[in-house]
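Participant: If you scroll down you'll find the structure; I have some questions about it.
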Amino acid sequence: AKNRGRARYEVFDPSMHIHALRQLHLENDLRRAIERDELVVYYQPIISLTTGSLQGVEALVRWRHPQQGMVSPAEFIPIAEETGLIVALDQWVLNAACEQMRLWQQEYPYLEPITVSVNLSGRQFSQPDLIKKIDSILNQTGLEGKYLKLEITETVLIENPNSAAEMLQQLIERKIQVCLDDFGTGYSSLGYLHRFPLDILKIDRSFVSNIEQNRSNSSIIRTIITLARELGIRVIAEGVETQEQRLFLQSLGCHYGQGYWFSPPIDSTKLSNLMTNKLHT
Ligand code: C2E
Ligand code: CA
Ligand code: CA
Ligand code: CA
């Protein structure tokens, strides 16, 4: 329907009407989803391509809607952003992820320490009291800042470079690391990277898929990795789906991988199993 965006008769397109209704319902339901305990955090492993060990997990929110079943974040995150609900939602996820991470540390003190990465929307990142909220979550959960990573996108840095730089400085003081998410999809300008103290770049999935066939994709990835190395930034490849991709990325010098080849996002119980199984193999 998007292609016909300018057509006048679109208002009367019944499929548009249904879509709008669904949006409206979801919006209302989303307001109550947090209180009703309908949100749940899944965790996707991030793997070291050199050692094959678990380096960390990314927290990805899921919504178990009582009538509609699992609703994808691709559907409700944009609604949350439009309505401003994203601030409460991201804070809920941040708290849940830190709590879970602390639990894992207490349960498995003998495992190699891992980190948890939490997505922050641009709106959240520009909240003046974000640092205060983070401090209070770390305090309450007892998680040390060095086990937390925050994922932000390029837009946040480019639209508001000064306040972003200030925020990054505050995060560094707490040893919280920052990942640049979906790298390559936005401004794709490597020039601004050196101006921000970033720890990790996440190469977007779109460059990783068909990396073997598409020569320009692989040279883009090669360039990103080379530059990142010079800047002391580590690189995670997103959306690794095949062993060929994994091996190819490793040969390019990519540090970490994340994707269905290793594991889809899974609930905390499954991740616990995965962590302990790893220990026995
Ligand atoms: P993202 O941050 O880029 O997260 C990676 C997405 O790629 C996830 O989709 C993950 O399930 C999917 N993925 C992982 N490996 C593969 C693979 O090998 N192949 C394919 N095709 N996909 C893979 P998901 O969980 O549906 O989340 C979609 C987006 O929603 C995320 O993209 C992120 O932008 C947003 N999101 C999710 N949770 C949160 C949250 O708590 N807060 C905010 N602000 N945004 C969130
Ligand atoms: Ca992410
Ligand atoms: Ca991403
Ligand atoms: Ca994304």
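Participant: Within the bounds of the stretch 100-123, is there any residue that is within 14 Å of ligand 1 (Cβ to nearest atom), over 13 Å from Glu151 (Cα atoms) and in contact with a strand residue (DSSP E or B) (Cβ under 9 Å, 6 or more places away or on another chain)?
Facilitator: Checked the stretch 100-123: at least one residue is within 14 Å of ligand 1 (Cβ to nearest atom), over 13 Å from Glu151 (Cα atoms) and in contact with a strand residue (DSSP E or B) (Cβ under 9 Å, 6 or more places away or on another chain).
Participant: Okay, moving on. With the checklist (1) within 19 Å of Gly232 (Cβ to Cβ); (2) among the charged types (D, E, K, R); (3) in contact with a strand residue (DSSP E or B) (Cβ under 9 Å, 6 or more places away or on another chain); (4) open to solvent by 10 Å² or more (accessible area, probe 1.4 Å) in hand, flag the one item Asp182 doesn't pass.
Facilitator: (1)
Participant: Being buried (at least 17 other Cβ atoms within 10 Å of the Cβ) and more than 16 Å from ligand 1 (Cβ to nearest atom) narrows it down to one of Ala228, Ala237, so name that one.
Facilitator: Going through Ala228, Ala237 in turn, the sole match is Ala228.
Participant: A further question follows. For a quick check of your reading: which strands (runs of 3 or more DSSP E) sit entirely within the stretch 8-78 and have at least 1 residues that are at pLDDT 90 or above, within 16 Å of ligand 2 (Cβ to nearest atom) and open to solvent by less than 80 Å² (accessible area, probe 1.4 Å)?
Facilitator: Answer list for the stretch 8-78: 39-48, 54-65.
Participant: Sort out which residues of the stretch 176-228 are within 30 Å of Ile137 (Cβ to Cβ) and in contact with a Cys (Cβ under 8 Å, 6 or more places away or on another chain), and write them in order of number.
Facilitator: Passing the criteria: Leu198, Asp199, Ile200, Leu201, Lys202, Ile203.
Participant: Right, something else. What residue, among those in the stretch 155-172 that are within 16 Å of ligand 4 (Cβ to nearest atom) and surrounded by 21 or more Cβ atoms within 10 Å (Cβ to Cβ), is nearest to the chain's Cα centre (by Cα)?
Facilitator: Once the filter is applied, the top-ranked residue is Val156.
Participant: Continuing with this model, one more query. Name the residue that is farthest from ligand 4 (Cβ to nearest atom), counting only residues in the stretch 58-116 that are aromatic (Phe, Trp, Tyr) and over 19 Å from the mean Cα position of the chain (by Cα).
Facilitator: My answer is Tyr110.
Participant: Can you name every residue in the stretch 201-236 that is within 16 Å of ligand 4 (Cβ to nearest atom) and in contact (Cβ under 8 Å) with a residue 40 or more places away in the chain?
Facilitator: The answer is Lys202, Ile203, Arg205, Val208, Ile236.
Participant: Of all the residues that make up the stretch 107-132, how many are open to solvent by 40 Å² or more (accessible area, probe 1.4 Å) and modelled with pLDDT of 95 or more?
Facilitator: Total meeting the criteria: 2.
The values are calculated or read from the model by the stated rules, or taken from the named source; none is laboratory data. Everything numeric here is computed off the predicted structure, so don't read it as measured data. Quick reminder, even Gly has a Cβ in these numbers, built from the backbone with ideal geometry, and neighbours come from all protein chains shown. The protein model used for the area step is the full one, side chains on, heavy atoms only, and it has no ligands, DNA or RNA in it. Shrake-Rupley method; radii C 1.70, N 1.55, O 1.52, S 1.80 Å.
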